[in-house]
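Worksheet for the structure shown next.
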Amino acid sequence: MSKATNGAAIEPQTQGLRTALVRCGHRYTAQRAAVYETLYAASSHPTADEIFTSVRREIPDISLATVYKALEAFVGCGIASKLTMGNGPARYDGRMDAHEHIRCLSCGTVSDVDHASSPDWLNAVSLQTDFQVLGYRLELVGTCPACQA
């Protein structure tokens, strides 16, 4: 833990959020911190509504609009990503390392998949197209074990 100037302890995650928001011209607020904490702890790639429901237990007067604005600020600052897959609502991911996603076509759940592809294919695409490839998004689709049952 690092120390704040007033002597209160600040978690490294909180300090990183504060730094990222200020760097992008956004204010750090308790509401944004609660939204980020919920997103960061979730492995389910929650929707804004799901995050709202969870944060509302801690901050009863938070609005859905505040949650949406916080999520868009996080995406704009590069500390979260917005997954717009299929016809359902957007889902959000607080995990920013390179990874892919797999989505159930039946229930819509989204899960992380590590190393689904080799980075070598990006070089091949760059050579074939003369594009400077900066990144990629890969979505695998199928039916989850629960829906198969």
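Based on Cα contacts under 8 Å between residues 6+ apart, the chain shows a relative contact order of 18 percent. For mean projected area of the Cα convex hull in nm², the value calculated from this model appears in (1) 11.1; (2) 7.6; (3) 12.0 under label (3). What net charge do the residues around residue 103 carry, taking every other residue with its C-beta under 13 Å from that of residue 103, with Lys and Arg at +1 and Asp and Glu at -1? Once all neighbours under 13 Å are counted, the net charge is -2.
Computed from the Cβ-Cβ distance with R0 of 41 Å, the FRET efficiency linking residue 123 to residue 143 stands at 0.80.
Charges were assigned to the Cβ only: +1 to each Lys and Arg, -1 to each Asp and Glu. The resulting dipole of the chain about its Cα centre is roughly 560 debye. Cα centroids of the stretch 55-125 and the stretch 132-149: 12 Å apart. In this simple spin-label model, placing a label point 7 Å from the Cα along the Cα-to-Cβ direction at both residue 56 and residue 87 gives a separation of 2.6 nm. Name the longest site-free stretch of the chain, where the excluded sites are trypsin sites (Lys or Arg not before Pro) in a DSSP loop with no more than 16 other beta-carbon atoms within 10 Å. Longest gap between qualifying sites, sites excluded: 28-94.
Length gained on full extension, residue 43 to residue 100: 19.2 nm, using 0.36 nm per residue less the C-alpha separation. Under a model in which nothing but the beta-carbon of Lys, Arg (+1) and Asp, Glu (-1) is charged, the stretch 70-149 shows a dipole of about 280 debye around its Cα centre. Taking other residues whose beta carbon is less than 11 angstrom from the beta carbon of residue 44, and scoring Lys, Arg as +1 and Asp, Glu as -1, yields -2. All other residues whose Cβ lies under 11 angstrom from that of residue 113 are scored, Lys and Arg at +1 and Asp and Glu at -1, for a net of -3. For the chain, the longest principal axis of the alpha carbon atoms and the long axis of helix 120-129 meet at an angle near 70°.
Rule-based calculations on the coordinates, nothing more; no lab input. Source: prediction; values computed, not measured. FYI the Cβ positions are ideal-geometry reconstructions off the backbone, even for glycines, and counts take in every protein chain you see.
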